[in-house]
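The values are calculated or read from the model by the stated rules, or taken from the named source; none is laboratory data. Quick caveat, the model's predicted, so the values are computed rather than measured. Ideal geometry is used to build each Cβ from the backbone, glycine not excepted, and the neighbour counts take in all protein chains shown.
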Amino acid sequence: MGRSTLVRRRIALDDEWMATRWAREAVLGTIRRVGSTRVGVLVIGRVFSPLQQRLYRLTGGRISLTGGAPVLLLTTTGRRSGLPRTVPLLYVRDGDRLVICNVNPGFERPNPWTLNLRAEPQAQVQVGAETLSVTSHEATGDELECYWPQLTQIWPAYETFYKNGGKRSVFILEPSHRSGST
């Protein structure tokens with residue numbers, strides 16, 4: 001195979017990679033814009049989150065619907081039922097700490113996982129194939145100042161909802177003890 005053939009193939013691969021990257025960015029941009037609307041919130045809660053949870057568990061976190069944004073599964077104890085409740089969430093990692101967020105856009109009821117963590121700060125998280133016991137606390141003013149820009153970078157809708165009068169709940173999860181791998 002000649003050098004010119006190799007160069008043409010390399011250019012074709014580079015073009016294909018750029019087209020794929022462009023398409024991925026276009027889709028993610030659309031998802032982020034739609035995710036900051038009432039319909040988007042409904043679709044995320046009723047369709048996307050349950051599908052993400054199943055896919056995450058089946059693949060040990062190797063495959064995600066978030067386009068590369070970090071996802072964990074948080075399992076809290078239902079404050080009324082006492083039953084385990086699991087939800088996929090985006091997160092920021094800071095050493096052993098995991099930072100999670102919910103911004104209530106003002107047109108829906110409080111998210112149950114935030115109420116559950118306030119009632120019982122002990123929880124489980126699955127990050128990839130690893131499961132950890134964690135203890136949570138709500139972020140302090142200094143922690144909010146540190147983590148809020150990182151959280152809005154991975155999901156800009158947080159900022160949109162917050163600026164429109166939403167209420168934000170940011171929790172810091174720290175390992176209690178290891179519970180093994182799944």
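Can you pull out the strands (runs of 3 or more DSSP E) entirely within region 82-182 that have at least 1 residues that are touching a helix residue (DSSP H, G or I) at 6+ places or on another chain (Cβ under 6 Å) and assigned by TED's automatic domain parsing to the domain that holds GLY68?
The strands (runs of 3 or more DSSP E) meeting that bar are 84-94, 97-104, 130-138, 167-181.
From the residues in region 69-94 that are under 17 Å from PRO149 (Cα atoms) and modelled with pLDDT of 95 or more, which one is surrounded by the most Cβ atoms within 10 Å (Cβ to Cβ)?
Checked region 69-94; the qualifying residue surrounded by the most Cβ atoms within 10 Å (Cβ to Cβ) is TYR91.
From the set of residues in region 52-68 that are out of contact with any helix residue (DSSP H, G or I) (no Cβ under 6 Å at 6 or more places or on another chain) and either small (Gly, Ala, Ser) or not assigned by TED's automatic domain parsing to the domain that holds GLU145 (or both), which is surrounded by the most Cβ atoms within 10 Å (Cβ to Cβ)?
My answer is GLY61.
Which residues, taken from region 95-109, are buried (at least 21 other Cβ atoms within 10 Å of the Cβ) and modelled with pLDDT under 90?
Scanning region 95-109 gives a single hit, VAL103.
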